[in-house]
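I have a structure here, written as structure tokens, and I will follow up with some questions on it.
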Amino acid sequence: MEKGPRNWYHYYELMKNNAPLTIYYPICGGGEECISVCPYAHEIWEVGPMIAPMFGGKPRVRLRPFMAHPEKCRRCYLCVQACPTGALHRSDQEIRHPIFTLIKNSVKLFFKKRYGIRWVFRREHREKFRKNNPK
Ligand code: SF4
């Protein structure tokens, strides 16, 4: 990730053009659930600062995941299954209604067998959330 916080859209577009997956950052909570399930996380992902809103809040500097080495991705899509908000999705698919996507995925958390509500609220994800959304 480049030095200095840039707008989220820069990283969204970079992944959209160069990676199999991209993140629609305004509905990413920054709990790093995607990274925690990726078997090759240390080869692929970085977490860095960018200016982004969260769930309709004001844009500010937050730490967010970014695929620094997308060529190492094995396309297993575990990370997409684990994303609690629907922010992480295939780069060849658009998120047309982000708020609807967020609501739909939040409701789904109560019914998911894997990566459901209890998993998302595990201590490690709560700690990542706090670290990545500094006050
Ligand atoms: S698709 Fe699989 S290998 Fe690629 S980033 Fe997601 S979890 Fe990792």
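Computed from the coordinates by the stated procedures, all read-outs in this text should not be read as laboratory data. Only a predicted model underlies this, so the values are computations on that prediction, with no experimental measurement involved. Virtual Cβ from ideal backbone geometry, glycine too; neighbours counted across all protein chains shown.
Using the 10 angstrom Cβ neighbour count as an exposure proxy, how do ILE23, ILE51, ILE99 rank, fewest first? Walk me through the numbers on the way to the answer.
Values: ILE23 27, ILE51 15, ILE99 12.
Neighbour counts put them in this order, fewest first: ILE99, ILE51, ILE23.
Report the relative contact order of the chain, percent, no decimals, based on alpha-carbon pairs under 8 angstrom and at least 6 residues apart. List each step's numbers first, then the result.
Numbers: 219 pairs, mean separation 40.4, N = 135.
Normalised by residue count, the contact order of the chain is 30 percent.
May I ask for the percentage of alpha-carbon pairs in region 4-105 that lie more than 20 Å from each other?
Roughly 30 percent, rounded to a whole number.
Still on this structure, please answer the following. Along Cα→Cβ, 7 Å out, is where each label goes; now give me the distance between the ones at PHE121 and ASN7 in nm to one decimal.
Here the answer is 3.6 nm between the modelled labels.
What lysines sit close enough to LYS72 to cross-link, taking a C-alpha to C-alpha distance under 20 Å and skipping anything fewer than 8 places away on the same chain?
LYS16
Using a 10 angstrom Cβ neighbour count of at most 12 plus a DSSP loop assignment to flag exposed GluC sites (Glu not before Pro), which longest range of the chain is free of such sites? Don't jump to the answer; show the numbers that get you there.
Values: sites that count: GLU2, GLU94.
Result for the longest clean stretch: 3-93.
While we're on this one: Do any cysteines of the chain lack a neighbour Cys whose Cβ is under 4.7 Å away, and which are they?
For the chain, the answer is CYS28, CYS38, CYS73, CYS76, CYS83, because their Cβ atoms have no other cysteine Cβ under 4.7 Å.
Could you check the simple spin-label distance between ILE103 and ASN18, using points 7 Å along Cα→Cβ, in nm with one decimal?
So the two model labels end up 3.6 nm from each other.
Could you tell me the relative contact order of region 84-125? Use alpha-carbon pairs under 8 Å, at least six residues apart, and round to a whole percent. Can you show the working numbers first?
Numbers: 22 pairs, mean separation 16.9, N = 42.
The value is 40 percent.
Around GLY86, with a cut-off of 9 angstrom between Cβ atoms, what is the net charge of the other residues, counting Lys and Arg +1 and Asp and Glu -1?
Taking every Cβ under 9 Å from that of GLY86, the sum is +2.
For a footprinting-style exposure proxy, rank TYR25, TYR40 by other Cβ within 10 Å, fewest first. Let's see the in-between values first.
Details: TYR25 25, TYR40 12.
Ascending Cβ contact count within 10 Å gives the list TYR40, TYR25.
Tell me which lysines have Cα within less than 23 Å of LYS131's Cα, excluding those fewer than 8 residues away on the same chain?
In chain and number order, the partners are LYS3, LYS58.
Could you list ILE35, ILE27 in order of exposure, starting from the residue whose Cβ has the fewest other Cβ atoms within 10 Å?
Working: ILE35 17, ILE27 25.
Going from sparsest to densest Cβ surroundings: ILE35, ILE27.
Per DSSP helix of 4 or more residues, -39500 (n - 2.57); summed, then divided by the residues of the chain. What does that give at 222 nm, rounded to the nearest 500? Numbers along the way, then the final one.
Values: 7 runs with 50 residues, N = 135.
My calculation for the chain gives -9500 deg cm²/dmol from helical runs alone.
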